[in-house]
DNA sequence: CCACGTATGTCAAGATACTGACATGATGAT
DNA sequence: ATCATCATGTCAGTATCTTGACATACGTGG
């Protein structure tokens, strides 16, 4: 006979994820705001650094926002001289986006601060616990999007 | 000499949390929308059911939104007959909020659907893994808000 | 060759959440 | 007793994200 986990605790998992993400977003905003960056802008720059030349739509998918939001995000970053987009559209009307020199410095500074926040968050985890957390959360993510 | 964890993996923890929460919110919206409820409204009703009679401000803190957002949320729920608020303000101008009968049924139905989503999310976790995940994530949350 | 489906980029409108500000009522220090 | 302080509830303005819609461009099947 299978021993069923009482669902009372697992039920709190959704709330806990929301809570943690809310706090994480808040802390990231606090350290990024002095640099003049919103969390969404940081996510955009961070992703662009690891994947230069991607299209706006692909960027939107990776950052989990709509194409439209990414469009205005990129326009703002372009106006601030942090991002350059090819003026001559590519194969499918695509406009590849890349970081500028100034953005590289800024993104590195922002990355440092975000690393600090994440270190704080994982500060009480010891041994293989960080890795365990990554695996378990990854399982949840896959189960949700695999649908 | 301490063996330092390479931070390359832990660094992804922030992104993973954001990703998982985004997908969870999306799935919850999909199951709650047919009931005419937004995720925020569900969170409001769910919290009210476990803590009837709380004030709007306290409710806002528990649901992680501002007092102002909770104010308009409650106005909408009140207009739909799901929530009743005491008209005669209490000790500190407080207006205690409670669920109506109709809301109790609706909230129960919504809870069932949300339980389904959470079960899907935790579907691949076995043994003590759900509990482990709760403990590890709880540690992260405490580290973020303990600051 | 040409219509159809699909993907990108953008504009406009609606919804939602936040910050700032104010009035009201309770608490505490002097 | 009086005034400063704080918490609640609400209104207004701002910012951001989303959905809907349209124009453009590539690919495929008729």
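Read-outs throughout are calculated quantities, based only on the coordinates presented, and are distinct from any laboratory measurement. All values reported here derive from a predicted model rather than from experimental measurement. Here Cβ is always computed from backbone atoms with ideal geometry, including for glycine, and neighbour counts include all displayed protein chains.
So what is the relative contact order of segment A:30-111, in percent, for Cα pairs below 8 Å that sit 6 or more residues apart?
33 percent
Please give the Cα centre distance for segment B:73-147 versus segment A:34-105, rounded to the nearest Å.
36 Å
Hey, what's the Cα Rg ratio for segment A:30-111 versus the globular rule of thumb, 2.2 N^0.38 Å?
Cα-based Rg divided by the globular estimate yields 1.02.
Using the Kirkwood radius built from alpha carbon pairs, what does the Stokes-Einstein equation give as D for chain B at 20 °C and 1.002 mPa s, in µm² per second?
121 µm²/s
So for the protein assembly as shown, what are the equivalent ellipsoid semi-axes in whole Å, largest first, each being the square root of 5 times an eigenvalue of the Cα gyration tensor?
Ellipsoid semi-axes (Å, largest first): 36, 25, 20.
Would you mind listing the distances between the residue B:80 label point and the same position in each other copy? Use 7 Å along Cα-to-C-beta, nm, one decimal, shortest first.
3.7
Which ordering of B:80, A:113 is given by a fewest-first count of other beta-carbon atoms within 10 Å?
B:80, A:113
Once every DSSP H run of n ≥ 4 in chain B is given -39500 (n - 2.57) and the sum is divided by its residues, what mean residue ellipticity at 222 nm do you get, rounded to the nearest 500 deg cm²/dmol?
-21000 deg cm²/dmol
With labels modelled as points extended 7 Å from the Cα through the Cβ direction, what inter-label distance (nm, one decimal) is found for residue A:69 paired with residue B:108?
Here the answer is 3.6 nm between the modelled labels.
Relative contact order for chain B: what is it in percent, counting Cα pairs under 8 Å that are at least 6 residues apart?
21 percent
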